[in-house]
Amino acid sequence: MLNGEKVSAVILGAGSSRRMGGGDKMFSVLAGKPLLHWSILAFQEHPLVDEIVLVLNSANHARGTRLAKRAGFDKITVIITGGARRQDSVIQGLDHVTGSWVLVHDGARPLVDENIITTTLQAAFTAGAAIPMVPVTDTIKTVGSGLVNKTLIRQNLYAAQTPQAFRTQELIKAYRQIDIELTDDSQAIELTGGRVSLAPGSYDNIKVTTPGDLKLAGILIKQRGGEL
């Protein structure tokens, strides 16, 4: 609970894994366990998180159910099938949330840790929404027709991560007003006039998208002793 209010987590694992070269990345082996195991574990063990809603696709629903039972993830209250788009999966997950606060996390980020969850929730408490972010270290340019248009000012650029934290009803309300495709949940709050606070992310909190990302995640987990 956060200041006496129930906290829910929606963990998303319904993506298509197109860039992984075959197979479902949620069940790729990472430090001896399915990648999804590590993504759930941090929320299962976090003292402020009261329940977990797991969103999977129809192909991995049964495997996810077995994983949850085998690992003893008793905070998982329901495992549902997601929608066509990421935001559809989030909206469906929100239908099953009972907490006043909700954390939305990409299941493809297995290096999330207790500190990121805690600081993001604390930042959300002041503004109603918060996201973990890290400063961009590369130079970022916009391009068109094979040519560079301009170079962006790096000092103003940050990379957004998950979990992102919200007052549950505020996120639901924002999504009801949005009819365009979004790339993250805080964008729904931004587009409907809400405030989003910043929390410190971590460069280790990578999103596994390619086989190379999976190798890096394995190295990072082993550096932690195989535990989060």
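Nothing in this text is a laboratory measurement; each read-out follows from the coordinates by a stated rule. Quick caveat, the model's predicted, so the values are computed rather than measured. For neighbour counting, all protein chains shown are included, and Cβ atoms are generated from backbone atoms with ideal geometry for every residue, glycine included.
Among 205, 149, 115, the residue with the largest mean-square fluctuation in a Gaussian network model of the chain, with springs joining Cα atoms closer than 10 Å, is 149.
Using the Cβ-Cβ distance between residue 74 and residue 139 with R0 = 45 Å, the FRET efficiency computed as 1/(1 + (r/R0)^6) comes to roughly 0.45. Evaluated over the chain, the count of Lys pairs having alpha-carbon atoms less than 13 Å apart is 7 (only pairs 8 or more residues apart or interchain). Taking Lys and Arg as +1 and Asp and Glu as -1, the other residues whose beta-carbon sits under 12 Å from that of residue 182 total -4. The residues neighbouring residue 44, those whose beta-carbon lies less than 10 Å from its own, together hold a net charge of -1 under the Lys/Arg +1, Asp/Glu -1 convention.
By Kyte-Doolittle mean hydropathy of at least -0.5 and Cα axial length of at least 24 Å, which whole DSSP H helices of the chain are selected? Result, helices passing both filters: zero. Taking a sphere under 13 Å around the Cβ of residue 154 and counting the other residues whose Cβ falls inside, with K and R at +1 and D and E at -1, yields a net charge of +1. Return the whole-Å distance between the Cα centroid of the range 195-228 and the Cα centroid of the range 33-87. Centre-to-centre (Cα) distance: 18 Å.
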